[in-house]
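Asks: Have a look at the structure that comes next, please.
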């Protein structure tokens, strides 16, 4: 399979990843103790990036082009790359 690679760079966030909490609170004594000592394990994690390397595993150039057209027509604003 062929792929297309795109490097995204921005002054603001270009990609945000969200992940579910590492531990689910089942109400047990162990969970309560863990929540006291490591409350971040029970929170949704968000990571934001100003740079991202995107690898699209497709050889359908028309589909990639349509996807970027959709992204730009729905609010994404491009700017000239310094690279």
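Asks: Restricting attention to the stretch 1-13, which residues are touching a strand residue (DSSP E or B) at 6+ places or on another chain (Cβ under 8 Å) and either surrounded by fewer than 10 Cβ atoms within 10 Å (Cβ to Cβ) or without any contact (Cβ under 8 Å) to a residue 40 or more places away in the chain (or both)?
Replies: 5, 13
Asks: I've got another one for you. Looking only at the stretch 62-83, count every residue that is farther than 18 Å from residue 2 by Cα and touching a strand residue (DSSP E or B) at 6+ places or on another chain (Cβ under 6 Å) and tell me the total.
Replies: 0
Asks: Can you tell me how many residues within the stretch 14-23 are touching a residue at least 24 places away in the same chain (Cβ under 8 Å) and surrounded by 11 or more Cβ atoms within 10 Å (Cβ to Cβ)?
Replies: Adding up the residues that qualify gives 3.
Asks: Filter the stretch 24-64 down to residues that are surrounded by 11 or more Cβ atoms within 10 Å (Cβ to Cβ) and part of a helix (DSSP H, G or I), then give me how many there are.
Replies: 8
Asks: Taking only the stretch 39-70 into account, find how many residues are over 23 Å from residue 14 (Cβ atoms) and in contact (Cβ under 8 Å) with a residue 12 or more places away in the chain.
Replies: 4
Every number in this text was worked out from the coordinates using simple rules, so none of it is lab data. All values derive from a computational prediction rather than experimental measurement. Methodologically, a virtual Cβ is constructed for each residue, glycine included, from the backbone with ideal geometry; neighbour enumeration extends over all protein chains shown.
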